[in-house]
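The values are calculated or read from the model by the stated rules, or taken from the named source; none is laboratory data. Please read these numbers as outputs of a predicted model, since none were measured by experiment. Note that we place each Cβ from the backbone using ideal geometry, even for glycine, and neighbour counts take in every protein chain shown. These accessible areas exclude ligands, DNA and RNA; they are computed on the full protein's heavy atoms, side chains included. Shrake-Rupley method; radii C 1.70, N 1.55, O 1.52, S 1.80 Å.
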Amino acid sequence: MTSTLKGITLKGSAELVADFFSFGINSILYQRGIYPPETFTRVTHYDMILQQTTDPNLKNYLTDVVSQLKEWLFECTVQKLVLVITSLETNDVLERWQFDIECDKSAKESSAPREKSIKTIQDEIRSVIRQVTATVTFLPLLETPCAFDLLVYTDKDMVVPEKWVESGPQIIEQSEEVRLRSFTTSIHKVNSMVAYRKTDSF
Amino acid sequence: MDLEDDTTVLTTLKSFNSFISRTEPQQRLTERPGSGTLQGQYKRSMELLEAADRLNSTNRYLQLDQEKKQMELSHKRARFELEKTASDRTRALEHEVDRNQELLTQIKKLKERESEMERNLTEKGDANRALWKNLEALNKKLEDRDGRLSSANQTVSTLKDEVRELKQKIQNQDCTICAQTLENQELQEQLDLQRRKYQDVSQLYQSLQATQSTCSDHVIKIKELERRLALQEQDVAIMKTVKSELARVPGMEKELKNLRGDNSFLRESRENCSLLKEEVEGLRKKLERMEKMKEDLVNMELEKNRMAEKLQAWENLGQSTGLNIRKPEDLSREVIQIQQREFALKEQNYTLNSRVRSAERSHSDVCAELSEQRGKTLEEKKKRELQDTLVRRLQKRLMLLNKERDGMRAILESYDSELGSTEYSPQLSKRLKEAEDVLQRTQNHNVELEAELNKTHKEMGTLKLQLQTVELELESVKKQHAANADSSCSATKEELSILRQKIEDLEADRQRLEEQNNNLEMRLERHNLQGDYDPLKTRVLHLKMNPTSVAKQQRQQEMETIQEEVTRLRELVRSLQDGGSLVQSQDDSIVPNLGLGLPPSKEVLDLRKQMESSELKNQRLKEVFQRKIQEFRTVCYILTGYQMDITTENQYRLTSVYAEHMDDSLLFKKGSNGSMQLMETEFSKTLGEMVSLHLHHQKSIPAFLSAVTLDLFSRQTTI
């Protein structure tokens, strides 16, 4: 953390938010059983026990995405991060974990740190991750083998980096949406929500 | 050591002897041929002597060498021992030197210690002296203390007295304590007694509890027994009821039979009934249809009547109105005409309305003028009043002036009369003249005023006339207005209503639009939640190699491999279904291919093994049977002289060993009852006698066969 104890800079904020995404995505993948639970190991972060993957391919992928995301967060050009869970049998999108990011672009001009302590931000992040864990109780069970993808909604005027390509929004037909908690570093505000396909039984 | 030396000598001696023994036969050998020449002999003897000398010298040399070696050895040993002793000495010396050094160091240490001790001693002496001084001071203090002690002793004696007293008190208290302990003991004894009693009681209580528990058990048992009794009673009751029911059973069976009969009858009737019902239903439907048709018919007729009436009415209308309304086109034409007329009327109405409006406008103008005129008249009235008052005042003044004048004249006359052309008369006449002038002026003024008054009166008259005309105009206008009022009012009302409606419509529109707006906003929110985005501002990116696409690729590959396998397996299954002959050859080629994808299950392997073993067994059995049969046949052939073949089912051909031709054979057929019958062949035709004798007469096939054998054998041997 480059930021001081009292305030938070744009860079520190970008790093905090990227860290949150890294841990959040890991815990979603663990909770939703996209990867087998034995490929995860326990780590302590935000004063809580979290699951982190040990699968080398997945690790590489996540570090690639998160480092690029950090850059975009620093430039304030990212609008959304979406984790899409797709069924491999039918190619249907079953779940969308959407994180809306509101950037305070004025922070780009003035480098003065904002007055919000890291502890309170981490408290907020902790509650968001707890809620993500709790959503397993009402989300429908994923019965078929599934895979996930990460979509990033960015500003149109930005240059697309190598290895990245444009994609569709992967919207779920007939979805139910549930808003989750949000947190803010006073520079980036992250609203989280989950949309899932209505089950046919109802 | 000595022993070894001896052995070496011995060995040298032995070698010497051996050497000598070797040389002797050589000498003997050389002596025999060398007897010819002396010189040669001499040379030889010289040589021999030289050789003997050489041998001796070598021997000596060897001995000396030996001695030398021995010497060297002993020398070495001595040197070794000397060295050993020297090293021991040096070691001892070193040891001594070390000890010496140690002792030296000890001496040094002791010296140091001594010096230290001396130093300590001097220090101690100083300390002693200081202690002496202290001791003296302490002695002084001690004396002081002694003094204090004696005083203290006195106090002690007094205190001892006190102590004695206190001891006496203590003794007294001890006595009381003794008494109390005695009491205590008594109480404890009592307590023990109580305890014992308590134990007894508790034991009793325990026994009581035990008995209670047994009692409760007993009670439970009793209850259980009672329950069983009740159950038994119930059972008995049930038994009784069952018995009575059993008694009723035969009657019931009869009833049952009757009922069954009834039932079958009822079933039949029910079927009939259902058939009838269906028929009834069909009929009812038909009836309904018919009724509907009837109703329709009636309706149609009614309609027809109505239509006819309408037609009549239309025709009547045409006749009554005198118009050429025979057809709807005429009507439409009429309507169009009427509409045109209406339009014309409307236009007229509009022109009238506009006129009314203009009239209104003129009316309002006139009203304004009227009010203006009224104001003017009022002003004029006021002016007149003012003029009137002025006239009155002037008249009054005139009166006053006239009176004054009269008074003045009277005074003048009196003066005239009194004085009568006295000295005052010029003055007076002057004054009179002046007064008369004034009078004249006032009179002139009066005349002017009167003229003015008249003028104003005239003006007033004209104004009044004007007023009247204006009023008249007003009235006329009012009348007009009243006439126009109705139409204009209605027009405004209509306008008002139209405007109101418009406002209402607009309000409704507004609400609708607001709702729509809300809806759209909600939808937008929902879309946003679902992940929709504005493609003008936003773009969605993801990594090319994301886990989903990777997983999809893997899945596709898997699918392909699986499909390939499936096709292969299908082919295998088809070939297996086609036939067993091909299986063996294909099995060998395909099974190894499958080995990669699908290893054959254990069951299949086991079964295959079993099959193989059973086939092998079969093969072996076949071989054994064949061998045995062959053996049996050859033995039969050799023993009986006939080769037996089965040509067709139940037919046996016998060929004799001694047959003249290859085709000569006998055919036997096995009958249904197991009897054998001879069939006719070319060969059997030649055996008519034997057939009739052995088969027809003796009825023995073996006899016949042996006879044939004998006959054939005899024929062959004779030839």
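Here are the numbers:
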item: Extension gain, residue B:621 back to residue B:673 (0.36 nm per residue minus Cα-Cα distance, nm); result: 15.6 nm
item: Residues of region A:38-67 buried by at least 30 Å² on assembly (accessible area, 1.4 Å probe, chain alone as reference); result: A:61
item: Against the rule of thumb 2.2 N^0.38 Å, how large the Cα Rg of chain B comes out; result: 3.38
item: Choice from A:21, A:138, A:40 with maximal GNM fluctuation in chain A (Cα, 10 Å cutoff); result: A:138
item: GluC sites (Glu not before Pro) lying in DSSP loop within region B:210-319, provided at most 11 other Cβ fall within 10 Å; result: none
item: Where only C-alpha atoms are counted, convex hull volume of region B:628-719 per residue in Å³; result: 112 Å³
item: Surface/4 estimate of mean projected area, convex hull on alpha-carbon atoms of the protein assembly as shown, nm²; result: 215.7 nm²
item: Chain lengthening between residue B:372 and residue B:276 when straightened (0.36 nm per residue, less Cα-Cα); result: 23.9 nm
item: Largest-first ellipsoid semi-axes for chain A, taking √(5λ) over the Cα gyration tensor eigenvalues, angstrom; result: 28, 19, 16
item: Spread of Cα-to-Cα distances over 10 Å intervals beginning at zero, given as percent, for region B:307-408; result: 12, 15, 12, 11, 10, 9, 8, 7, 6, 5, 4, 2, 0
item: Nearest-ten-degree value, helix A:118-134 long axis tilted from longest Cα axis of chain A; result: 10 degrees
item: Translational diffusion coefficient (Stokes-Einstein; Kirkwood radius from C-alpha pairs) of region B:42-127 at 10 °C, 1.306 mPa s, in µm²/s; result: 80 µm²/s
item: Kyte-Doolittle at least -0.5, axis length at least 15 Å by Cα - qualifying DSSP helices, chain B; result: B:580-597, B:701-718
item: Carbon + sulfur, % of accessible area of chain A - ligands and nucleic acids excluded, 1.4 Å; result: 50 percent
item: Overall Cα dimensions of region B:464-536 - principal axes, largest extent first, Å; result: 91, 22, 15
item: Region B:342-386: translational diffusion in µm²/s, Stokes-Einstein, Kirkwood Rh over Cα pairs, 10 °C, 1.306 mPa s; result: 123 µm²/s
item: Assigned charges on the beta-carbon of Lys, Arg, Asp, Glu; the protein assembly as shown dipole about Cα centre (debye); result: 960 debye
item: Extreme residue, positive dipole direction of the protein assembly as shown, given options B:701, B:561, A:45 (C-beta unit charges); result: A:45
item: Dipole in debye (nearest 20) - region A:49-194, about Cα centre, beta carbon charges: Lys, Arg +1; Asp, Glu -1; result: 700 debye
item: Length-normalised contact order of chain B in % [C-alpha pairs under 8 Å, at least 6 apart]; result: 5 percent
item: Between helix A:10-31 and chain A: long-axis angle, C-alpha atoms, 0 to 90°, nearest 10; result: 20 degrees
item: Helix A:56-75 vs. chain A, principal-axis angle (Cα, 0 to 90°, nearest 10); result: 40 degrees
item: Kirkwood-based Rg to Rh ratio, region B:57-220, C-alpha trace; result: 1.71
